[in-house]
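For reference, the structure discussed in these notes is given below.
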């Protein structure tokens, strides 16, 4: 009898992990945070119970100093945390190599020495650095915003390989022993006002997608994850954006969604052909597209506000002004922070400040609007949610807010670091990448 039960259980497990149409990334445990914005690409963890209250001494599992500077949100695979950073050396560049775009008033940071661009693998149990791999040594030729870094792009992984994207420093594929398998150079990006780089790649099955929007030749490219070779590349009539693409399965077919100032577009993931498009967002688009329950959400909030909720199953050709766009909400949308989709509600912060809005994700009806979250003035990270609460990281603090009908502040946790990377929640742990250290909190 036990043998029969064992065989039945084994069969069920086998069916669950070999369901047709499911990629390796989709089959991984939802507790993994394998790419930017988490396992569901919404900013929400599907489960977990990290502490509400924590500090440098309370509920701190470990704290590890990270060399260099990097605002990229880390990722987690099983017991490994992957972090990107750029470390300035004392080595001067060759004659003629100077940072470009430094005439911009926003390019307060410019490189004066060669930087080592590193991928770090960290033990999730104790915070120890397992290995530290320099994937390239270069002089950053572009300036960055005073609040930016030269390692602001989050990596991603399929559990076999790590894909470390560093913008003008290229895309680097490593195994979990730190060996470099392949590298891809996209050239030098020219971002508007030398604001710097920060968009992340998107991993889907055996393809990795990079959205290269700049003041110059813009394109969307699909690469083979095993070799780094181009599968297809499509030119885009776009100016600078920092949004990460999103892949959505629609009627059994994968679409790559991009959000940008000129247009919102959907591409066939296999061929790169445009399936549908809509009017664009505001200038300087940063928030990613977000998808749930058949509806796609795109938004931005620089010098204006734009939010569209799109019935993606009906989208084809030019959907501008049609009923395929289910609803819009054109106020209080975010500039830098991404939205959070959780529990049937869409949460987002106004521009770069602490005013929080919540809408019914299906109808667009206001749950609450422009609620002032005390303790948050200016921030550049994105909110992360789990269960009934939202974690918002800012300077020297992480504020925990209740989700639901009204935003109650559950805790304002003071820390000795600044945060532009977003909180990561895995199981019962909260992982934070500060300017100087990586934190892990657990009760």
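The values are calculated or read from the model by the stated rules, or taken from the named source; none is laboratory data. For clarity, every value in this text was computed on a predicted model and none was experimentally measured. Virtual Cβ from ideal backbone geometry, glycine too; neighbours counted across all protein chains shown.
Before moving on, here are some points about what is shown:
- Any hit, the stretch 362-372, residues being in contact with a strand residue (DSSP E or B) (Cβ under 9 Å, 6 or more places away or on another chain), in the same structural domain as residue 431 (by TED's automatic domain parsing), within 30 Å of residue 395 (Cβ to Cβ) and modelled with pLDDT under 95: no
- Within the stretch 346-370, the set of residues being buried (at least 18 other Cβ atoms within 10 Å of the Cβ) and under 28 Å from residue 294 (Cβ atoms) comprises 346, 347, 348, 349, 350, 356, 357, 358, 359, 361, 367.
- One residue from 397, 377 being modelled with pLDDT of 95 or more and either closer than 21 Å to residue 59 by Cα or touching a strand residue (DSSP E or B) at 6+ places or on another chain (Cβ under 8 Å) (or both): 397
- Residue in the stretch 116-139 that is over 17 Å from residue 221 (Cα atoms), touching a helix residue (DSSP H, G or I) at 6+ places or on another chain (Cβ under 6 Å) and part of a loop (DSSP other than H, G, I, E, B) present: no
- Within the stretch 242-262, one or more residues are at pLDDT below 95 and over 19 Å from the mean Cα position of the chain (by Cα).
- When the stretch 349-387 is filtered for residues that are assigned to a strand (DSSP E or B) and over 19 Å from residue 42 (Cβ atoms), the ones remaining, listed by number, are 351, 353, 355, 366, 368, 369, 370, 371, 372, 378.
- If you check 181, 220 for being buried (at least 18 other Cβ atoms within 10 Å of the Cβ) and closer than 20 Å to residue 156 by Cα, only one passes: 220.
- Looking at the stretch 28-99, none of the strands (runs of 3 or more DSSP E) lying wholly inside it contains 3 or more residues that are within 22 Å of the chain's Cα centre (by Cα), in the same structural domain as residue 291 (by TED's automatic domain parsing) and crowded, with 19+ Cβ neighbours inside 10 Å.
- Selected residue (only one of 241, 168 is part of a loop (DSSP other than H, G, I, E, B) and buried (at least 18 other Cβ atoms within 10 Å of the Cβ)): 241
Okay, residues lined up against (1) at pLDDT 95 or above; (2) touching a strand residue (DSSP E or B) at 6+ places or on another chain (Cβ under 8 Å):
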residue: 401; (1), (2): yes, yes
residue: 405; (1), (2): no, yes
residue: 408; (1), (2): yes, yes
residue: 411; (1), (2): yes, yes
residue: 416; (1), (2): yes, no
residue: 422; (1), (2): yes, yes
residue: 436; (1), (2): yes, yes
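- Residue under evaluation residue 229, criteria (1) touching a strand residue (DSSP E or B) at 6+ places or on another chain (Cβ under 8 Å); (2) touching a residue at least 24 places away in the same chain (Cβ under 8 Å); (3) at negative phi, criterion not met: (2)
Okay, residues lined up against (1) under 27 Å from residue 230 (Cβ atoms); (2) surrounded by fewer than 22 Cβ atoms within 10 Å (Cβ to Cβ):
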position	(1), (2)
274	yes, yes
279	no, yes
289	yes, no
293	no, yes
296	yes, no
302	no, yes
306	no, no
310	no, no
318	no, yes
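- Residue identified as assigned to a loop (DSSP other than H, G, I, E, B), farther than 24 Å from residue 266 by Cβ and under 20 Å from the mean Cα position of the chain (by Cα) among 196, 228, 187: 196
- Only one of the listed residues (269, 313) is more than 23 Å from the chain's Cα centre (by Cα) and either over 25 Å from residue 153 (Cβ atoms) or touching a residue at least 60 places away in the same chain (Cβ under 8 Å) (or both). That residue is 313.
- Tally, over the stretch 334-347, of residues that are over 14 Å from residue 422 (Cα atoms) and in contact with a strand residue (DSSP E or B) (Cβ under 6 Å, 6 or more places away or on another chain): 7
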